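Accompanying notes for the structure given below.
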Amino acid sequence: MSYLKFDKNQLTNLEFSLKREFIRTNRSGAYGSTTIINCNTRKYHGLLVCPVEELNNERYVLLSMVDPTIVYDGYEFNLGIRKYSGGFYEPKGHKYIEELSTDVLPTLSYNIGGIKIDVDQVLDHEDFRVLIKYTVTEIPRYSTKSPNTITFRLKPFLAFRNIHELSKANFDANIRPEMIENGIRIRMYDSFPYLNMQFNKKIDFVHLPDWYYNVEYPMEQERGYDFKEDLFTPGFFETTLKKGESIFFAAGTEVLPVNNIRRRFTTIQNNRIPRYNFENCLYNAAQQFIEKRKKSTYLISGYHWYDARSRDTFIAAPGLTLSLGNPQTLINVLDTALRKYNNGTFPQLLNKKTEGTCPSADTPLWFIYAVQQLQEWVTPQFVVIKYWETIKSILNHYYDGLECGIKMTDHCLIYLSHDHYPQTWMDAVVNGKPVTPRRGFSVEVNALWYNALMYALEIAHFAKDHEFIQKFEHIPSVTKQSFLQKFWINEGSYLADFCTTHQQDKTIRPNQIIAAALPFSMLSETQKIDVIQCIQHILLTPKGLRTLTPADERYCPYFIGDHNQREKALHQGTVHPWLLEFYAKALVSVYKKDALPELNKMFFSFEKDMTVVGVGTINEIYDGDPPHEPRGAISQALSISAVLQIKMLMDSLVVEN
């Protein structure tokens with residue numbers, strides 16, 4: 001029985017099928033993504049989307065889609081589908097789909113009047129290449145005169161544009177392909193690599209260049225962006241196939257020897273993690289965020305539009321790697337980040353230049369927490385040799401003061417003094433102003449600061465770094481005392497979200513749970529219980545924690561509308577799954593093995609998401625109000641990491657029992 005499977009009734013219902021998407025990535029920065037019926041609904045969709053080194057390593061859609069056509073007994077059946085103006089879909093190939101199974105590879109099964117075709121698709125895990133296998137499983141013989149072969153045609157649609165843009169018909173495009181072995185190659189614009197399209201057998205190519213105008217992407221329209229695109233096709237390929245025969249199509253930036261195409265497809269298929277259950281789906285999804293470029297290893301924050309954001313990297317990397325028993329990948333990710341470290345801070349993006357932006361107040365402290373989690377898999381000596389100098393540098397820079405007014409005060413708390421630039425993870429901006437201004441002392445920043453100090457002093461004692469110990473050993477006790485005096489709200493028994501020098505912001509937000517969850521916490525057990533209960537009663541949902549209490553007049557129940565409307569809602573009630581990691585860790589720190597039933601409930605609450613939006617993965621965010629519709633990126637590193645962190649907690653409690 002297939003774990004991830006869709007039937008004909010679901011697939012032919014466009015209201016259902018167009019809301020469900022695939023995302024497959026490789027380890028080199030490429031991805032392929034579309035809906036479960038191969039109808040692109042976003043500008044980010046495409047069969048081959050990859051970084052182009054000559055264009056600042058930005059991602060570009062090279063191959064948008066392909067249209068397979070079956071010709072039998074004089075009749076043509078086009079299996080493609082695109083949306084045009086007025087809700088018009090043409091062709092309507094989805095009506096021939098019988099089922100979709102995705103346990104190993106996405107396999108679409110078509111039935112065209114008794115002619116049965118299976119389509120399997122895979123992304124090469126090393127090169128920028130997509131491979132598709134078309135297999136004829138049945139050809140009916142209605143009479144002795146019925147043909148025993150079909151004519152198979154394949155028409156590619158090209159975009160050659162940035163993922164954030166849309167292509168339009170123009171006279172600058174090169175529309176003349178060059179012949180290569182069993183296929184063609186084409187480069188629509190000079191700054192791009194060639195796209196090589198080949199088959200594993202000899203095939204005819206009919207050069208029939210044409211533009212298809214005003215293809216629509218309804219998800220972009222819904223998000224308030226331009227949504228109409230012109231796609232170019234250089235012509236179509238044609239051959240004959242008999243029952244039981246397969247043909248393999250490869251499209252990539254490098255030529256593949258044709259006798260290797262079938263073998264390459266099979267090798268990649270055999271190396272896939274089968275998605276036979278919920279856990280395997282999570283493990284499979286976790287690997288898709290890891291990207292290797294030359295000697296660097298990045299963690300992509302989410303798909304389709306995110307890059308390697310430094311804060312997300314340090315929060316998500318331990319969950320995505322250690323859950324698979326792979327500390328070396330975590331080390332590689334941290335080592336790549338260290339090459340961008342400078343004067344106490346990391347850039348906002350690790351895989352691109354982000355000059356002129358203020359550093360975030362928490363990101364370096366998240367780095368230290370990532371190292372702290374790694375230490376459970378390596379020796380203290382390893383940490384000292386590899387990371388101690390950086391950890392010392394980070395804490396010294398906080399002590400002396402970072403850029404943009406981030407500094408330690410006389411109360412040994414971290415103060416953020418920037419008025420117009422958000423310096424925490426609640427960083428939404430509308431019309432140049434932060435939606436959630438948190439100037440002053442932020443609760444999670446100071447919780448992370450205390451945890452980092454305590455952990456660093458542990459390492460310092462191991463390393464016998466007496467200079468560091470002498471400078472910092474008195475600070476944690478002052479920090480703890482100042483923190484509790486400034487943040488604890490007696491009348492509500494919870495923590496303020498942030499404080500100025502004179503007052504508390506008493507808004508109930510989820511950031512306080514981090515103070516209860518970190519290994520070194522300033523809260524007593526009673527205070528932890530109070531914080532947990534506050535979260536449980538007001539912010540906890542099956543999909544994560546709300547970012548604002550529904551009782552607040554600023555609360556936004558739904559993450560919908562144009563860009564500014566969505567930005568306003570992002571941290572004003574929208575649910576973020578990543579915060580569940582810290583809610584779960586807070587539970588375990590207080591209730592130990594008695595927390596297991598609650599962890600189990602949280603973990604499996606995401607199982608149904610495997611077939612809701614991003615097939616086999618978890619969304620970035622959810623609406624604050626029930627039914628908590630999934631929103632944002634269809635696959636988010638923080639979300640997958642949080643659920644895997646919960647799984648690791650569950651496993652550790654079972655072992656203890």
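Side notes on the structure shown:
- Filtered by the rule that a residue be open to solvent by less than 30 Å² (accessible area, probe 1.4 Å), assigned to a loop (DSSP other than H, G, I, E, B) and hydrophobic (A, V, I, L, M, F, W, C), region 166-202 gives Ala173, Met188, Phe192.
- Qualifying residue in region 498-508 (condition: surrounded by 15 or more Cβ atoms within 10 Å (Cβ to Cβ), in contact with a helix residue (DSSP H, G or I) (Cβ under 9 Å, 6 or more places away or on another chain), within 20 Å of Lys585 (Cα to Cα) and touching a residue at least 40 places away in the same chain (Cβ under 8 Å)): yes
- Residues of region 509-540 classified as open to solvent by less than 30 Å² (accessible area, probe 1.4 Å) and more than 18 Å from Lys480 (Cα to Cα), total: 6
- The residues of region 42-64 that are surrounded by fewer than 23 Cβ atoms within 10 Å (Cβ to Cβ) and touching a Phe, Trp or Tyr at 6+ places or on another chain (Cβ under 6 Å), listed by number, are Arg42, Val52.
For (1) of a type in the set (Ser, Thr, Tyr); (2) surrounded by 20 or more Cβ atoms within 10 Å (Cβ to Cβ); (3) farther than 18 Å from Gln372 by Cβ; (4) modelled with pLDDT under 95, each residue gets a yes or a no:
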{"residue": "Tyr450", "(1), (2), (3), (4)": "yes, yes, no, no"}
{"residue": "Leu453", "(1), (2), (3), (4)": "no, yes, no, no"}
{"residue": "Asp465", "(1), (2), (3), (4)": "no, no, no, no"}
{"residue": "Gln470", "(1), (2), (3), (4)": "no, no, yes, no"}
{"residue": "Ser477", "(1), (2), (3), (4)": "yes, no, yes, no"}
{"residue": "Gln481", "(1), (2), (3), (4)": "no, no, yes, no"}
{"residue": "Leu484", "(1), (2), (3), (4)": "no, no, yes, no"}
{"residue": "Phe487", "(1), (2), (3), (4)": "no, yes, yes, no"}
{"residue": "Gly492", "(1), (2), (3), (4)": "no, no, yes, yes"}
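- A search for C-beta distances below 8 Å between a residue of region 49-65 that is at positive phi and any residue that is outside any loop (DSSP other than H, G, I, E, B), counting only pairs 6+ apart in sequence or on different chains, returns Asn57/Pro51; Asn57/Arg293.
- Number of the exception - Thr500 against (1) modelled with pLDDT under 95; (2) out of contact with any Gly (no Cβ under 9 Å at 6 or more places or on another chain): (2)
- For region 102-111, a residue qualifies if it is surrounded by 18 or more Cβ atoms within 10 Å (Cβ to Cβ) and assigned to a strand (DSSP E or B), and the qualifying residues are Thr107, Leu108, Ser109, Tyr110.
- In region 166-181, the residues that are modelled with pLDDT of 95 or more and of a type outside the set (S, T, N, Q) reach residues that are open to solvent by 60 Å² or more (accessible area, probe 1.4 Å) and part of a loop (DSSP other than H, G, I, E, B) with C-beta atoms within less than 7 angstrom, at least six apart or across chains, in these pairs: Leu166/Asp226; Ile180/Val255.
- Residue within region 138-149 that is surrounded by fewer than 18 Cβ atoms within 10 Å (Cβ to Cβ), in contact (Cβ under 8 Å) with a residue 12 or more places away in the chain, of a type in the set (A, V, I, L, M) and part of a loop (DSSP other than H, G, I, E, B) present: no
- Pairs, first in a loop (DSSP other than H, G, I, E, B) in region 546-567, second of a type in the set (Phe, Trp, Tyr), C-beta under 6 Å, six or more apart: Leu548/Tyr555
- Residue within region 251-272 that is among the polar types (S, T, N, Q), touching a residue at least 60 places away in the same chain (Cβ under 8 Å) and assigned to a strand (DSSP E or B) present: no
- Checking Phe265 against (1) crowded, with 20+ Cβ neighbours inside 10 Å; (2) at pLDDT below 95, the condition it does not meet: (2)
- Residue match in region 53-64 (condition: more than 26 Å from the chain's Cα centre (by Cα), at pLDDT below 95, closer than 22 Å to Glu165 by Cα and not in a strand (DSSP E or B)): no
- Of residues in region 67-87 being open to solvent by 20 Å² or more (accessible area, probe 1.4 Å) and under 31 Å from the mean Cα position of the chain (by Cα), the one nearest to Ile273 (Cα to Cα): Lys83
- Restricting region 205-230 to residues that are in a helix (DSSP H, G or I) and open to solvent by 50 Å² or more (accessible area, probe 1.4 Å), the residue that is farthest from Leu154 (Cα to Cα): Glu222
- Gly325, sole failed condition from (1) closer than 25 Å to Asn57 by Cβ; (2) not in a helix (DSSP H, G or I): (1)
The values are calculated or read from the model by the stated rules, or taken from the named source; none is laboratory data. The structure presented is a predicted model; accordingly, all values stated were derived computationally and were not measured. So basically every Cβ, Gly included, is an ideal-geometry build from the backbone, and we count neighbours across all protein chains shown. Remember, those area values only see protein heavy atoms, side chains included, never the ligands or the DNA or RNA. Shrake-Rupley method; radii C 1.70, N 1.55, O 1.52, S 1.80 Å.
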